[in-house]
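The structure appears below as structure tokens.
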Amino acid sequence: MTQQTLQQPPPEAPQAPRGREARGARKPRTRSPYPMWFYLPAAIIYGVLFVAPTFASFYFSLTRWTIFDSEFIGLENFVTFFSEPYLFDSLVNTLMFAVITSGLKVVLGLLFAVFLTSQIKARGYLRSVVFFPVLVSTVGVGVTFSVLMDPFDGLINKVLAVVGVDEIGWLTDPNLALFSVAFVDVWRGLGLATLIYIAGVVAIPQEYFEAAKVDGANAFKQFWHVTLPLMRPATTTVIILSLIGGLRSFDLIWTMTKGGPGFSSDVLASVVYKQYQAGFYGLSTAGNVVLFLVVAAIIIPLFWLLNRKEVDR
Amino acid sequence: MPFTHRRRAFALPALIAVSALGLAACSSGSTPDESTSSGGETTDAMEPVELSFLVDNNETSVGVVTALTDAYTAAHPNVTFAIEERPGGGEGDNIVKTRLQTGEMTDLFFYNSGSLFQALAPTRTLLPIDDIANAGAIQDTFKAGVSADGTLYGVPAGTAMGGGVMYNIPLYEELGLDVPTSWDDFMANNQAILDSGKAAPVIQTFKDTWTSQLFVLGDFANVLAADSEWANKYTANEVKYADGAPAIDGFVHQQEVFEAGYLNKDFASATFVDGVRMVAQGEGAHYPMLSFALAEVIANSPDNVGDVGFFALPGDSADSPLTTWLAAGIYAPADTEHADVVKDFMSYVATPEACDVQTAAVGAQGPYFVDGCTLPDDVPQMVADMLPYFEANNTQPALEFLSPIKGPALEQITVEVGSGIRSAEDGAALYDEDVKKQAQQLGLEGW
């Protein structure tokens with residue numbers, strides 16, 4: 001539908017406004033050649049599939065809901081959500097997971113991009129290798145890594161055993177599970193961050209580097225004073241995308257640990273899912289609203305901050 | 001103005017396409033209702049009917065359902081079944097609830113009785129089957145677990161189960177140990193096994209989190225033995241697990257076993273299948289489990305069926321009773337298109353003949369809930385160990401058949417208690433909080 005609307009402009013379209021402009025020159029603004037009701041199809045779809053459920057969920061988060069009927073209970077679901085220790089811990093875990101994965105993707109993605117845009121052998125091949133994990137299904141990645149990370153039969157610990165490292169419970173040690181999953185998430189998402197950064201690096205005009213070279217800057221100084229500042233737009237994109245992804249992550253955590261052992265790698269999304277499984281639809285919806293607000297509360301100011309600096313520069 | 005015309009010409013198909021989308025959504029939503037009204041007419045004629053059947057992917061459940069449906073098709077060649085498997089545990093609960101509530105449920109499905117059955121809102125979603133021919137043959141104990149507001153909704157599939165401890169008999173014989181009837185005896189046996197270095201004294205398999213609950217759930221007969229009114233008080237919010245003995249003992253015992261170092265070293269990453277293999281082949285001595293694990297022994301360690309025995313989870317007093325589970329039920333959604341055939345099949349399930357079919361398929365696993373059903377003389381060792389509890393009336397139902405409240409997070413909490421992440425007291429208190437949500441969701445008095 002959207003595509004149709006986009007492709008729609010008939011050949012005469014550009015001429016029409018010009019003609020109108022010529023005739024009625026007093027009108028300060030050109031009217032759009034398209035009537036407003038062209039927006040209607042998109043508005044209906046957006047309204048029915050997105051706006052209505054979103055607002056309905058705000059209401060249902062205030063109820064005790066059993067699909068058939070709902071009883072209004074005010075903010076009780078939110079009180080439950082924040083008073084139960086493991087529900088609250090999931091909030092902390094979510095933030096930790098998002099910050100760790102996003103931070104690593106920024107740092108490693110930048111380094112990989114600089115490396116993969118330099119004059120090295122097999123550059124095209126290496127770029128594909130780095131990007132490849134993005135193409136694999138997340139569930140497949142999760143299952144594969146949970147096999148690799150098995151404390152006794154997993155390849156990772158078998159390799160480590162050769163070097164004399166004791167068995168590590170990557171996914172079974174409550175202090176480690178969340179970090180193991182975060183590591184896999186970085187492995188999986190790094191390709192996309194690198195790709196965005198490569199586009200950023202390639203877009204930097206060579207003149208800057210040449211000028212820097214003439215001024216006697218070495219490779220590190222070129223990176224620090226030329227590449228890094230000019231990569232701000234790419235960095236903004238990577239931070240925003242990976243942070244949103246990290247805050248909402250569910251599939252990888254669910255396939256690898258199901259939030260366990262116990263509740264130690266539970267994040268908001270997995271808690272919401274579990275409450276839903278248990279039939280606590282109201283509480284589950286309240287969790288979704290919390291997730292929505294957390295994502296909005298972090299991303300909107302961040303977006304504003306990062307973009308403002310971009311303009312200042 | 002050719003320009004305006006073309007604009008309209010373009011927008012109109014778009015609008016039509018959108019409204020068609022809306023219509024499509026409506027029509028698919030209303031299909032079940034239409035089909036219900038016309039349901040039942042197909043049965044009288046001997047037209048071929050295919051019934052869809054949803055069952056969890058557990059070895060026993062699939063075996064029982066396959067055997068029953070095959071036998072029914074043999075007698076009624078016009079009725080065939082399409083069996084669909086689903087995961088067990090919370091994931092399976094979710095599938096069953098969602099499909100029932102969206103009208104997408106199969107014609108027949110296999111599901112727990114007791115509190116999980118009550119959580120399906122049976123009066124609204126399930127087909128009442130009071131009028132099936134053999135309803136009278138189903139024992140009242142079972143009927144209580146699959147009825148809501150006095151209406152019957154399910155027939156028993158499988159047998160009664162016990163929640164206790166599977167143990168390796170050759171190991172017991174080798175070390176000269178006796179079957180423990182109290183917790184202290186059990187711990188003494190564990191110490192002897194640990195000292196011998198032959199096997200892990202207690203097997204736990206936390207990769208399948210549900211298996212961690214047995215210390216708490218299987219201990220309930222001991223709770224009832226100490227306080228026969230506990231379940232009612234619990235439903236009325238008068239007692240809590242965290243109040244202390246006897247209810248908290250299950251949590252405490254689980255913590256003791258971990259702290260004494262009795263667990264298999266891969267307890268955190270082992271699965272249910274691993275656990276059954278370990279106890280059957282003597283890699284571990286005890287595995288707290290439901291007796292339906294027998295089917296798993298038969299399937300994967302057929303040579304060791306005679307090596308696995310069973311006893312009730314010991315409590316603090318001697319001669320601990322066995323905690324028992326009702327059989328699962330076979331139910332039908334209220335909107336099935338083939339209500340008459342479905343009821344005829346369910347009626348067949350409640351016959352001694354159907355019991356024999358199940359015994360032939362998955363072995364005798366315990367007493368049946370249908371009048372006239374018998375067990376063969378040579379039952380597997382685990383069942384032979386379990387029957388005396390039933391004969392001596394030394395059994396108590398599990399909590400989920402006496403109270404509708406079961407918190408969804410118990411399996412995570414018991415994983416934590418069982419692997420030393422959380423203390424028994426904290427775990428019990430946390431579970432009491434978890435349960436509160438369930439009670440409120442069910443709209444119980446006093447919460």
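The values are calculated or read from the model by the stated rules, or taken from the named source; none is laboratory data. Being a predicted model, the structure only gives us computed values, none of them experimental. Glycine also receives a Cβ, built like all others from the backbone with ideal geometry; neighbour counts cover every protein chain displayed.
Couple of notes before you dig in:
- B:ASP140 vs. criteria surrounded by fewer than 22 Cβ atoms within 10 Å (Cβ to Cβ) and touching a helix residue (DSSP H, G or I) at 6+ places or on another chain (Cβ under 9 Å): no
- Failed condition for B:ALA354, given (1) part of a strand (DSSP E or B); (2) buried (at least 22 other Cβ atoms within 10 Å of the Cβ): (1)
- Selected residue [of a type outside the set (Val, Ile, Thr) and in contact with a His (Cβ under 8 Å, 6 or more places away or on another chain)] from B:ASP131, B:ASP107, B:ASP93, B:ASP140: B:ASP107
- Condition met for B:TYR431 (in a helix (DSSP H, G or I) and within 14 Å of another protein chain (Cβ to nearest Cβ)): yes
Per-residue answers, yes or no, for (1) more than 30 Å from B:PRO122 (Cα to Cα); (2) among the charged types (D, E, K, R); (3) at pLDDT 85 or above; (4) assigned to a strand (DSSP E or B):
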position: A:PRO17; (1), (2), (3), (4): yes, no, no, no
position: A:GLU21; (1), (2), (3), (4): yes, yes, no, no
position: A:LEU40; (1), (2), (3), (4): yes, no, yes, no
position: A:PHE50; (1), (2), (3), (4): yes, no, yes, no
position: A:TYR59; (1), (2), (3), (4): no, no, yes, no
position: A:PHE68; (1), (2), (3), (4): no, no, no, no
position: A:ASN77; (1), (2), (3), (4): no, no, yes, no
position: A:ASN93; (1), (2), (3), (4): yes, no, yes, no
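- Residue, nearest to the chain's Cα centre (by Cα), within segment B:86-129, restricted to residues that are under 26 Å from B:ALA398 (Cα atoms) and acidic (Asp, Glu): B:ASP93
- If you go through segment B:277-324 and keep only what is assigned to a helix (DSSP H, G or I), of a type in the set (A, V, I, L, M) and under 17 Å from the mean Cα position of the chain (by Cα), you end up with B:ALA293, B:LEU294, B:ALA295.
- Total residues in segment B:171-194, condition of a type in the set (S, T, N, Q) and either surrounded by fewer than 21 Cβ atoms within 10 Å (Cβ to Cβ) or assigned to a loop (DSSP other than H, G, I, E, B) (or both): 3
- Count - residues of segment A:48-70 that are loosely packed, with under 12 Cβ neighbours inside 10 Å and within 12 Å of chain B (Cβ to nearest Cβ): 3
- Output for segment A:254-288, where each listed residue is β-branched (Val, Ile, Thr) and closer than 16 Å to B:VAL415 by Cβ: A:THR257, A:VAL271
- Flag for A:LEU241 being in the same structural domain as A:ALA296 (by TED's automatic domain parsing) and either in contact (Cβ under 8 Å) with a residue 60 or more places away in the chain or basic (Lys, Arg) (or both): no
- For segment B:182-204, the set of residues classified as over 19 Å from B:GLN254 (Cβ atoms) and in contact (Cβ under 8 Å) with a residue 40 or more places away in the chain consists of B:LYS198, B:ALA199, listed by residue number.
- Enumeration of residues in segment B:55-110 that are within 15 Å of B:ALA332 (Cβ to Cβ), among the acidic types (Asp, Glu) and surrounded by 20 or more Cβ atoms within 10 Å (Cβ to Cβ): B:ASP107
- Complete set of residues in segment B:71-100 that are under 19 Å from B:THR125 (Cβ atoms), within 14 Å of chain A (Cβ to nearest Cβ) and not in a helix (DSSP H, G or I): B:ARG86
- Options A:PHE112, A:PHE131; residue that is touching a residue at least 60 places away in the same chain (Cβ under 8 Å), assigned by TED's automatic domain parsing to the domain that holds A:ILE239 and crowded, with 20+ Cβ neighbours inside 10 Å: A:PHE112
- Scanning segment B:382-418 for residues that are touching a residue at least 60 places away in the same chain (Cβ under 8 Å), more than 14 Å from chain A (Cβ to nearest Cβ) and among the polar types (S, T, N, Q) yields B:ASN394, B:THR395, B:GLN396, B:SER403.
- Just one of the numbered conditions (1) part of a loop (DSSP other than H, G, I, E, B); (2) over 26 Å from B:ALA192 (Cβ atoms) is not true of B:ALA270: (2).
- The residue pairs whose first member lies in segment A:215-238 and is within 17 Å of A:LYS105 (Cβ to Cβ), whose second member is at pLDDT 90 or above and not small (Gly, Ala, Ser), and whose beta carbons are closer than 6 Å, counting only pairs six or more residues apart or on different chains, are A:ALA234/A:ILE196; A:ALA234/A:TYR197; A:THR237/A:ILE196; A:VAL238/A:VAL106; A:VAL238/A:ILE196.
Every residue, every condition in (1) surrounded by fewer than 23 Cβ atoms within 10 Å (Cβ to Cβ); (2) on the phi > 0 side of the Ramachandran plot; (3) outside the structural domain of B:GLU259 (by TED's automatic domain parsing), yes or no:
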{"residue": "B:GLY407", "(1), (2), (3)": "yes, no, no"}
{"residue": "B:GLN412", "(1), (2), (3)": "no, no, no"}
{"residue": "B:GLU416", "(1), (2), (3)": "no, no, no"}
{"residue": "B:GLY420", "(1), (2), (3)": "yes, yes, no"}
{"residue": "B:GLU425", "(1), (2), (3)": "yes, no, no"}
{"residue": "B:ALA428", "(1), (2), (3)": "no, no, no"}
{"residue": "B:VAL435", "(1), (2), (3)": "yes, no, no"}
{"residue": "B:GLN438", "(1), (2), (3)": "yes, no, no"}
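Conditions tested, residue by residue: (1) among the acidic types (Asp, Glu); (2) under 30 Å from B:GLY446 (Cβ atoms); (3) buried (at least 22 other Cβ atoms within 10 Å of the Cβ).
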site	(1), (2), (3)
B:ASP243	yes, yes, no
B:HIS253	no, yes, yes
B:ALA260	no, no, no
B:ALA268	no, no, yes
B:GLY275	no, no, yes
B:MET278	no, no, yes
B:HIS286	no, no, yes
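- In segment B:305-329, the residue that is surrounded by the most Cβ atoms within 10 Å (Cβ to Cβ) out of those that are farther than 22 Å from B:PHE215 by Cβ and touching a helix residue (DSSP H, G or I) at 6+ places or on another chain (Cβ under 6 Å) is B:ASP307.
- Of all residues in segment B:101-129 being in a strand (DSSP E or B) and in contact with a Phe, Trp or Tyr (Cβ under 7 Å, 6 or more places away or on another chain), the one that is nearest to B:MET161 (Cα to Cα): B:TYR111
- Checking each residue in segment A:266-287 for being within 11 Å of another protein chain (Cβ to nearest Cβ), assigned to a loop (DSSP other than H, G, I, E, B) and touching a residue at least 40 places away in the same chain (Cβ under 8 Å) picks out A:ASP266, A:GLY279.
- Within segment A:143-168, the set of residues being away from chain B (no Cβ under 14 Å) and under 26 Å from the mean Cα position of the chain (by Cα) comprises A:THR144 only.
- When B:THR205 is tested against (1) in a helix (DSSP H, G or I); (2) under 22 Å from B:THR271 (Cβ atoms), exactly one condition is not met: (1).
- Residue in segment A:246-262 that is at pLDDT 85 or above, more than 14 Å from chain B (Cβ to nearest Cβ) and within 24 Å of A:ILE73 (Cβ to Cβ) present: no
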